[in-house]
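Working notes, beginning with the structure itself.
The values are calculated or read from the model by the stated rules, or taken from the named source; none is laboratory data. Just so it is clear, the model here is predicted, and its values are computed rather than measured. Here Cβ is always computed from backbone atoms with ideal geometry, including for glycine, and neighbour counts include all displayed protein chains. With ligands, DNA and RNA removed, areas are computed over all heavy atoms of the protein, side chains included. Shrake-Rupley method; radii C 1.70, N 1.55, O 1.52, S 1.80 Å.
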Amino acid sequence: VLLCVCCRAAAERVRYSIAEELGRGSLVGPLARDLGLSADELPARKLRVASAGKKQLKYFIVNEENGNLYVNERLDREEMCGESASCSVSFEVLVQNPLNVFRVEVSIEDVNDNSPAFRKAALDLEIGEWTLPGARFPLETARDTDVGRNSLLTYQLTSNPSFSLALKESPDGSKQPELVLERALDREKQSSFELVLTAVDGGELSRSGTVQIRVNVTDANDNPPVFSKSVYEARVAENLPAGSLVLRVRATDADAGSNGRVSYSFGNVPDAVSALFAVDSESGEIRTLAPLDFEDKSKYIFGLEARDGGGLVSHCKVQIDVTDENDNSPEITILSLSTPVPEDAPVGTVVALLNVDDPDSGENGQVSCELSGEAPLSIVASSGGSYKVVTASALDREQASEHRVTVVARDGGRPALWSRTELVLEVSDVNDNAPVFEEAAYSAYVAENNAAGALVLRVQARDADAGANGRIRTLAPLDFEDKSKYIFGLEARDGGGLVSHCKVQIDVTDENDNSPEI
């Protein structure tokens, strides 16, 4: 029998916002108060963090005494969310008595804790002395792992009458620094120049990074490499084997000889890019070094540079979109299980809270849950991937003292992946059955003069809640001549106060215990 419930309860969500890098023990917010819990309720309600996510559990903790939410581990926004414009951590908190679950979302705001950095400590340029004023030479861009205004970079160049700095806006909105030749160079007068390029971010307390520019004045090489595109794009499926071809870039150089020979390399890219991709310096082929994981990152944007034999450089952007494969089964976590549950629990009582998580995206990550097994239980969807298992009809311990059901979670992939876990619910007894005598009336024949304490008859009452038996014995010898019949009632009472009655009749039989009397 499959019990499938498709309704979704309205989500109850509490939101907070904190800055990254807060120390352990920093206050996030008055969670208990925001959930409407008073200080007197806290010991019984047992407010705590409970989430299926492996990382979320370590970030925050609830103080049992005041119900406040605190930072449990330093939060590094760049490590958690990378270059994403928004960053938040979502998790569930549980309360007991009665059992309930709430969704909490904490937004992590960026602080300017990273300085702009160049990939190299120095850049070498070769400029021919015949180059006309106004010629531009692309320079390496700096990288700042902060986001928003904290990552907006401006550039400054040390003052020199022969050179100035220009900023060219790239297709993605970033600014590409370019060295502009202001006046003709004369190699015989000065064969080299040393300049310093400074990148400054837009933080309130700005940070900066520098790179040295070494200009060597040469005699020839008047054409830089030219890429066939300014932006190269590719879509690849996750889990591609290492060594798979992603795309190929191509740049040409009109010069001859070594000055027209082009080699390719990465620009200033994050370590994560250079760990996953490699570029062939001669062919421009970009291949994978390791399997890609859509759940880890779904898009990579980085720069490539083409350099000719004379030192002239041009740049392009590469964008690689990783498509999702259904490679993750739903993961079922039992957040709380209330067992045993009394048999008189009302219909709709929450007996278990589950969390089902599937890190895939789209239909691959859409999960449905159902119960398999014969049990008076149903499953109801709650917020944030949580599910409640509730009683669907009345429980009866005398019919079944234990219920076993299997929770089955399936995703929407084709073919679908699924997982299962078993729930065992014990039913505790309540006094809902009165004792029942085996017979409505009992009768027995007993010889007179029976010894005191002799067994007369045995009555028995059974109680489905708990059993008890009774015996009737004589307290003194019986005398037929005194009384030959006894009729009385018996009452059976269980430990919960429920009673039942029966009738007992005892006939005393005559013995020849009297001599004739003259």
Legend entry - Answer residue from segment 79-136, given it is of a type in the set (G, A, S) and in a loop (DSSP other than H, G, I, E, B) and is surrounded by the most Cβ atoms within 10 Å (Cβ to Cβ) among those: S115
Legend entry - Failed item in (1) in a loop (DSSP other than H, G, I, E, B); (2) closer than 20 Å to T131 by Cα; (3) in contact (Cβ under 8 Å) with a residue 60 or more places away in the chain, with D186 passing the rest: (3)
Legend entry - Conditions (1) open to solvent by 50 Å² or more (accessible area, probe 1.4 Å); (2) not charged (D, E, K, R); (3) not in a loop (DSSP other than H, G, I, E, B): number failed by Y232: (1)
Legend entry - Hits in segment 248-259 (condition: touching a strand residue (DSSP E or B) at 6+ places or on another chain (Cβ under 6 Å), open to solvent by 20 Å² or more (accessible area, probe 1.4 Å) and at pLDDT 95 or above): R248
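Restricting to segment 268-280, what's the tally of residues that are touching a Leu at 6+ places or on another chain (Cβ under 6 Å) and either touching a residue at least 12 places away in the same chain (Cβ under 8 Å) or open to solvent by less than 30 Å² (accessible area, probe 1.4 Å) (or both)?
First, the residues of segment 268-280 that are touching a Leu at 6+ places or on another chain (Cβ under 6 Å): 276, 278.
Next cut, either touching a residue at least 12 places away in the same chain (Cβ under 8 Å) or open to solvent by less than 30 Å² (accessible area, probe 1.4 Å) (or both) only: 276.
Total satisfying the criteria: 1.
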Inset, instruction - Being farther than 18 Å from P116 by Cα and not in a loop (DSSP other than H, G, I, E, B) is the filter; apply it to segment 170-182 and report the residue that is farthest from the chain's Cα centre (by Cα). - result: L181
Inset, instruction - Could you list all residues from segment 423-436 that are surrounded by fewer than 19 Cβ atoms within 10 Å (Cβ to Cβ) and of a type in the set (A, V, I, L, M, F, W, C)? - result: V424, V430, A434, V436
Inset, instruction - Find all pairs meeting these conditions: Cβ atoms under 7 angstrom apart; at least six residues apart or on different chains; first residue within segment 237-256 and among the polar types (S, T, N, Q); second residue surrounded by 13 or more Cβ atoms within 10 Å (Cβ to Cβ) and assigned to a strand (DSSP E or B). - result: S244/R287; S244/T288; T252/V226
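Working only within segment 486-506, note down all residues that are among the aliphatic types (A, V, I, L, M) and either touching a Phe, Trp or Tyr at 6+ places or on another chain (Cβ under 6 Å) or not assigned by the TED database to the domain that holds L457 (or both).
V504, I506
Which one is most open to solvent (accessible area, probe 1.4 Å) among residues in segment 489-514 that are farther than 20 Å from L457 by Cβ and over 60 Å from the mean Cα position of the chain (by Cα)?
First pass over segment 489-514, keeping only residues farther than 20 Å from L457 by Cβ: 494-499, 512-514.
Subset that is over 60 Å from the mean Cα position of the chain (by Cα): 512-514.
Details: N512: 152, D513: 63, N514: 94 Å².
Checking each candidate, the answer is N512.
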